[in-house]
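Some notes on the structure that comes next.
Values quoted throughout were computed directly from the atomic coordinates according to the rules given, and no laboratory measurement underlies them. Quick caveat, the model's predicted, so the values are computed rather than measured. Neighbour counts run over all protein chains shown; Cβ positions are idealised from the backbone, glycine included.
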Amino acid sequence: MSESKLAGQYFDAAIGLLQRVRDEEAEAIGAAGALVADTAAAGGRLFAFGAGHSSLPAQDVVYRAGGLALMNLLPIPGMVGVDVMPATLGSALERVDGLAGVVLDNSPARAGDLLFIISLSGRNPLPVEMAMHARSLGLRVIGVTSVAYATATASRHRSGDFLKDHCDLVLDSKIPVGDAELTADGVGAPFAPASTVVTSALMQAVIATAAGELAARGIDPPMLRSGNVDGGHDWNKQVMAEYGDRIFYHR
């Protein structure tokens with residue numbers, strides 16, 4: 001099989017997943033956008049968390065040109081991306097009991113805030129405990145996960161629960177178990193993951209919905225402009241000054 005044919009198959013697979021998410025998750029995306037708008041309008045703060053590659057969609061909505069300035073990353077050292085050495089440390093930390101509570105208790109998150117928890121499988125202790133502890137603190141939780149894992153795999157949390165079981169709202173990325181869209185002769189394992197593409201699109205769709213919802217309520221949403229267009233830095237500086245008490249990446 002030619003390399004160009006494989007590339008086309010990957011694009012087809014990713015586009016198919018995006019279309020499926022657009023159609024099947026439309027109601028949930030609308031509800032998530034409304035929750036973001038509700039939180040922002042009430043003076044609450046917005047956070048996003050993801051571990052390993054699931055941190056990429058979380059990072060994509062933070063300090064982002066065209067994004068909502070109020071989105072903050074909830075980081076855990078060693079788990080944001082794959083820059084930590086060894087890279088396997090991040091996977092190991094996802095299975096450590098009690099870590100989520102320590103992180104949340106030492107974060108600026110408080111009752112009335114909203115937290116996105118992004119975890120493809122939703123099966124490891126960290127995302128499950130983070131959702132449980134966040135809700136116990138009075139936060140609203142939106143889980144972004146592939147619900148398919150809950151029927152095809154076993155939870156690694158002592159409760160037997162998955163992330164989806166402890167959220168106020170769930171966005172299902174529809175990613176097949178294993179996160180690999182292609183197979184080919186001579187390639188020993190399935191390959192070509194699509195979870196980052198689809199989950200990032202889901203997150204951006206929610207933010208776009210929230211911006212429209214705020215505007216419909218007569219509230220000008222604090223959006224960031226690109227720093228690579230004239231006036232962008234001045235615009236962002238003004239936004240950050242006005243909303244500085246809810247923006248934690250600029251301190």
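For segment 65-75, the Karplus equation 6.51 cos²θ - 1.76 cosθ + 1.60, evaluated at θ = phi - 60°, returns couplings of 4, x, x, 7, 4, 7, 6, 10, 7, 9, x Hz by residue, with Gly and Pro reported as x. Computed extension length for Asp220-Asp12: 71.2 nm, one decimal, from 0.36 nm per residue of separation with the Cα-Cα distance subtracted. Shown in residue order for segment 104-121 are the 3J(HN,Hα) couplings computed by the Karplus curve 6.51 cos²θ - 1.76 cosθ + 1.60 at θ = phi - 60°: 5, 5, 10, 9, x, 4, 8, 4, x, 7, 10, 10, 8, 10, 9, 8, 4, 7 Hz (x for Gly and Pro). Adding -39500 (n - 2.57) for every DSSP H run of four residues or longer, then dividing by how many residues the chain holds, sets the calculated 222 nm ellipticity at -13000 deg cm²/dmol. Of the DSSP H helices in the chain, those with a Cα length along their own long axis of 30 Å or more and a mean Kyte-Doolittle hydropathy reaching -0.5 comprise 3-24, 195-216. Here each label is just a point 7 Å from Cα along the line to Cβ, and for Ala208 and Asp105 those points are 4.1 nm apart. Taking the Cα atoms of the chain, the ratio Rg/Rh between the radius of gyration and the Kirkwood radius comes to 0.98. Phi angles across segment 165-174 convert, under the Karplus curve 6.51 cos²θ - 1.76 cosθ + 1.60 with θ = phi - 60°, into 3J(HN,Hα) values of 7, 9, 10, 6, 8, 10, 10, 9, 6, 6 Hz, Gly and Pro given as x. Dividing the mean sequence gap of close Cα pairs (under 8 Å, 6+ apart) by how many residues the chain holds gives a relative contact order of 25 percent. Largest first, the three principal axis extents of the alpha carbons in segment 114-251 are 52, 43, 31 Å in whole numbers.
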